[in-house]
Structures are given as C-alpha cells and as structure tokens.
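The values are calculated or read from the model by the stated rules, or taken from the named source; none is laboratory data. Keep in mind that what you see is a predicted model, and the values were worked out from it rather than measured. Using ideal geometry, Cβ is built from the backbone for each residue, glycine included, and neighbour counts are taken over all protein chains shown.
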C-alpha cells in the first residue's frame, strides 16, 4: 500500500532559535566533515594564529616603551621592534593564507549544496512549482544558504572564532588580574550592554529576513526578465519598456523601504552601544591613570593594561557575539534544511508497474487546484485501453490539460480515483508510474543543449540510429542535415554563439521527437501541431499511426480534423465529459458540442 505523509498538528509550537541552531549544526557538520576534513584542520590552525596574534603587541610594546623611557638600550630597542614587526607580519601572513585556503573549501561546500538544492527542486512534486509557499521556501533556502548564512563556512567560522577569542581572553585575564582587576568590572558592564544590544539587533535582522523571500523572488523575476533576450520582441513591439521599468522601480522601492524600516529599528540600539563604548574608554583611562599617579603601575604597564583591557573587552564581546552569530546564521541556513525536508504534495506507493499493456481508468474524478474551491474537473469517468487513441477536445478552460496533469500524477484528484490496471495509481512507485508516459505539453521547454541531447535527455540511453530515424519521421532531417554539426548542433545562443534559433514549428517537432524517443507505452500530445504550418501539420497527421504505432495515445487539439485519426473522442465542457464517441458518431449529433465546433471550423476549409 502507499505511504501517507504525516503532517504535524497545527498547534505544535515552532522550535526555538537555539534548537534550530543545534539541529542545523548536526545536519551540516557531518556532511562537511565527510566532504572535506581539511577544512576543519585549516580552521583550527587559523584559530591558534588568531589567538596568539594580539599578545605580540600586548607583551612586546611595553618592553619598547620601557626602553624609550628608561633603559634606552639601542640593541634591545631594535630587537623588540624587529620582534614586534616580524611577529605581527608573519602571523598576519599566515592568517591570510589560511583564510584563503578556507575560502577555497567554502567554494567547494557552496557548489556541493547548490547542486543538492538544484536536485531537490527538480525532484519536488510538480504541484510545488505552482505553490507560492513552496516557491517562497525555495527562495528562502537559496538566499539563506548563500547570502545570509554564508553556507558551511559561514556557520562554522563563528565557532572557531569563539575558540580563538576564549584563548585570548584567558591570556588577557591573567595579565589584568596581576595589575588592574577593576578593569574586569568596567569591561563586564560594556559586554553585558553589547550582548543585550546585539541580541536585539539580531532579532530585528531575523524578523526582517522572514519578509524578504517574496520580495527577493519578485525582484529577481523583474530583474532577470528585463535583460532576457527571449522577451526582447514583445518589449519592443508593444512598448513595454516603461511598464517593465516601472515594476522594477516599484519592487526596488519596496525593498529599499524594507531595509530602511530595519535600519530605523536598529539605529537606537547602535547609539546605546556607541555611548557605552565611549563611557568605557573614559572609565578605563581614568582608572589606569590613577594607578600610574599613585605608583601602583608604571607607564609601560599602563600601556599594557590598556591594550589587554581593550583586547579582553573586544574578545568578550566577540565571544558572546559569536554565540549569537551562530544562532543567527544557523537560523538562516535552516531554511535549506526545511527545503530538503519539505513535505511531499502527493502520496507515493511501492507497487511495481508490470507489463507493457495497460488499462487506464478515471473513475468519477473531480479536481480543484490547491487553495481554491472551483472544480476544474467534476465527476470525470473514462477508460482507455492499451493501443487506443483518444482525442480530448473542448473550449479553453474546459479541463483538458488538467486531465493530463492528473493522469501524469503532477497532481492528485480531489475526489474519485485514477486506476492503472485496476489499481489506484497512488499505490505505484512514483518513478515507475511516471516512466510509462511520454508527454508533449503546450508549454514544453527546450534547453540550450544540442538537438540530440534535447531529444534523448538521458546520457545512458543514447541511440544515434534511433535519434536519426525519429528526426526523419517528424520532418526535421533536412533542417538538421543543413547544420555543420548535425544533431550535435547547439540550440540557442545562451552559451554558444554558433547556436541556432529554431522556429516555433521546428521546436515543436523536436518536442514530439523527444516524446517518441522515450520508450513509454503511453504518448500524450497536448496541442502538438499548434506552431506548425498546414503542410507540416498534414504530414504529422498522415504519419500519426506510424509515429505512435501501437502505443496508447492521448491527443489534445483545438483542430478537430485531427480527431479523425483517433479511436474515441472525449468532449470536455465545464469540467465534465459531455460527449464521448467516434468522430462519425459525434458529428451527427444535432446541436452537439462537437458537431457545432466541427462545422464552425470546417467553413474555413470549404
């Protein structure tokens, strides 16, 4: 039996940001470790370098000041200066090189997860491609994983920075405890305020991000279409430039307003943080100055304490900021996990599809698209046996294409059931069930690949002789033979300046060739000759039986002359099959939908 998806109850509370952070780290780190262990070793080495670097100045600078004020030993002064310069530069160089290596690993991680996201989007149930929530989730996963979280490197970097800051804090604490312990109190106040402020600004940022998915999707749509050459003719001939730019400006203004609202909410907290930082500097200088005047510390130690106090305060702030940054970044990256775990829209079974001869039955099928109550199909019942050719006709909006979408399991019926060989199609293995169909949809797509690749779409099933035979059958041989590279010619100029721009009719023939090449027992042709000229259309009709052979065929067309080539005709109207029979039977029905449509078209050919 088929597996049903378990949905969480609507009353279940959302996981906390900390819980999300833990789940996200548990998800990504094992994958990253398996992919590139070197990333973690390089990051750990950089952590040590970053922790040591501040102490070069903290320890050596007071020695230089002491020589300048007292000893005035030129050899020691030169030595301390050389140690300071060399130490800082060598550690900085090492840190830069390690950062560069880590960035290369970051690129590898980004490529891996981008590919995985692409696979997930291609494998998601088709219904999700027409669902706003699902599309917003795809956008949130894309931007959350790249722009906002920084990917694996983005969520791991703060963790290694935490270790570095912790090591630096331990060294600073040791020095401060010896000479100026009150600095701990001053620093603690500043750190506490910074943590509070950072927490507030992070909350504002995360809340702001949640409203960006739709904005970014719309922004990208207008932005890409403005420069997409496929829309060039329509934009120019219909003067659509001003409208397109107007929409672009509108969504841009909306984004600017979105960011402005966020900045306005963050500004008061930034003022608080800056004010506390100034107060901290005043208090630190005053306290250490008093210690110098009272003889408790020397001027070199004064310098050392200023540096150590500043390092301690910044590292404490960064340490706590790192924790908040990990939570923030993992919450962004969690959108990727949500996409990868996005629930299926349709039920999937495990039963195998057996045999090559199939009987398909729609049994009282009704359907309304998600989030609507309008029935596009209402109580449709029809049986199609192996080798039969069914023509589906009707006015626009009658439910013809929806009928095909349900048959191909792009959607599931709202009511009733579809049977394959007497078994509900929900019980079959989804991939096996899909494999029995070769469809050509109205909105078929060709890719910027070679002609052969567009027909085959499978590197493991490349039969050149079969490709050539089908190319000749659909009437493309002369066109393709005229190309220097034959069927290896690239379509379009997206990636190849020598790519060809086939006509609409030629593209439609390639789509038909693709459907015929696939070894599937059921062929679905949705308006297959809409872009063909009358002669080419006649050739397709004339060779219809030869092209389809003994396969079951469903043929949707507004041109009723094509119906003569089919065994049965289903006339759709208002979501129902109002008439069903052969061409000869239906054309004789006085006042019938089919007969009226046929006579209306026939007058143009008489």
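Could you please find all residues in the stretch 428-445 being touching a strand residue (DSSP E or B) at 6+ places or on another chain (Cβ under 6 Å) and buried (at least 17 other Cβ atoms within 10 Å of the Cβ)?
428, 430, 436, 437, 438, 439, 440, 441
Within the stretch 252-276, track down each residue that is touching a helix residue (DSSP H, G or I) at 6+ places or on another chain (Cβ under 7 Å) and under 15 Å from residue 192 (Cα atoms).
The answer is 269, 272, 273, 276.
Restricting to the stretch 80-91, and then to whatever is modelled with pLDDT of 90 or more and surrounded by 13 or more Cβ atoms within 10 Å (Cβ to Cβ), can you tell me which residue is farthest from residue 58 (Cα to Cα)?
90
Among the residues of the stretch 95-120 satisfying the criterion of being under 15 Å from the mean Cα position of the chain (by Cα) and free of Cβ contacts under 8 Å to residues at least 60 places away in the same chain, which is surrounded by the most Cβ atoms within 10 Å (Cβ to Cβ)?
Among those residues, the one meeting the criterion is 110.
Output yes when any residue across the stretch 20-38 is over 30 Å from residue 103 (Cβ atoms) and modelled with pLDDT of 85 or more, and no when none is.
So in the stretch 20-38, the residues over 30 Å from residue 103 (Cβ atoms) come out as none.
Checked against the condition, which is being over 30 Å from residue 103 (Cβ atoms) and modelled with pLDDT of 85 or more, the stretch 20-38 yields no hits at all.
I want to confirm something. Restricting to the stretch 394-420 and keeping residues that are part of a strand (DSSP E or B) and modelled with pLDDT of 90 or more, which single residue is farthest from residue 368 (Cα to Cα)? Lay out the reasoning, then the answer.
Pass one, the stretch 394-420, residues part of a strand (DSSP E or B): 394, 415-420.
Imposing the further condition that a residue be modelled with pLDDT of 90 or more reduces the set to 415-420.
Working: 415: 9, 416: 12, 417: 14, 418: 15, 419: 19, 420: 22 Å.
Out of the qualifying residues, it is 420.
As an exercise: evaluate residue 313 against (1) in contact (Cβ under 8 Å) with a residue 60 or more places away in the chain; (2) surrounded by fewer than 21 Cβ atoms within 10 Å (Cβ to Cβ) and give the number of the one condition it does not meet.
Failed condition: (2).
Provide a single number: the residues in the stretch 334-344 that are part of a loop (DSSP other than H, G, I, E, B) and either farther than 17 Å from residue 424 by Cβ or at pLDDT 90 or above (or both). Before the answer, list the steps.
Of the residues in the stretch 334-344, the ones part of a loop (DSSP other than H, G, I, E, B) are 341-344.
Next, from what is left, pick out any that are either farther than 17 Å from residue 424 by Cβ or at pLDDT 90 or above (or both): 341-343.
Counting residues in the stretch 334-344 that are part of a loop (DSSP other than H, G, I, E, B) and either farther than 17 Å from residue 424 by Cβ or at pLDDT 90 or above (or both) gives 3.
So that you can scan it fast, the table gives a plain yes or no per residue for (1) buried (at least 17 other Cβ atoms within 10 Å of the Cβ); (2) outside the structural domain of residue 568 (by TED's automatic domain parsing); (3) within 22 Å of residue 440 (Cα to Cα):
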position	(1), (2), (3)
352	no, yes, no
373	no, no, no
377	yes, no, yes
381	no, no, no
393	yes, no, yes
398	yes, no, yes
405	yes, no, yes
410	yes, no, yes
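Here is a list: 135, 170. Which entry is at pLDDT below 90 and touching a helix residue (DSSP H, G or I) at 6+ places or on another chain (Cβ under 7 Å)?
The conditions single out 135.
Check whether at least one residue in the stretch 50-73 is closer than 23 Å to residue 152 by Cα and surrounded by 12 or more Cβ atoms within 10 Å (Cβ to Cβ), and report yes or no. Let's see the steps before the verdict.
Here is the first cut: in the stretch 50-73, the ones closer than 23 Å to residue 152 by Cα are 50-51.
Then keep just the ones that are surrounded by 12 or more Cβ atoms within 10 Å (Cβ to Cβ); that gives 50-51.
Looking through the stretch 50-73, at least one residue is closer than 23 Å to residue 152 by Cα and surrounded by 12 or more Cβ atoms within 10 Å (Cβ to Cβ).
Condition check ((1) surrounded by fewer than 20 Cβ atoms within 10 Å (Cβ to Cβ); (2) part of a helix (DSSP H, G or I); (3) modelled with pLDDT of 85 or more) across all residues:
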{"site": "283", "(1), (2), (3)": "yes, yes, no"}
{"site": "296", "(1), (2), (3)": "yes, no, no"}
{"site": "304", "(1), (2), (3)": "no, yes, no"}
{"site": "309", "(1), (2), (3)": "no, yes, no"}
{"site": "320", "(1), (2), (3)": "yes, yes, no"}
{"site": "323", "(1), (2), (3)": "yes, yes, yes"}
{"site": "326", "(1), (2), (3)": "no, yes, yes"}
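Of everything in the stretch 459-494, what is surrounded by fewer than 19 Cβ atoms within 10 Å (Cβ to Cβ) and at positive phi? Give them in sequence order.
Answer for the stretch 459-494, where residues must be surrounded by fewer than 19 Cβ atoms within 10 Å (Cβ to Cβ) and at positive phi: 486, 492.
Can you tell which of 165, 216 is over 18 Å from the mean Cα position of the chain (by Cα), touching a residue at least 60 places away in the same chain (Cβ under 8 Å) and surrounded by 15 or more Cβ atoms within 10 Å (Cβ to Cβ)?
Numbers: 216 fails: over 18 Å from the mean Cα position of the chain (by Cα).
After applying the criteria, what remains is 165.
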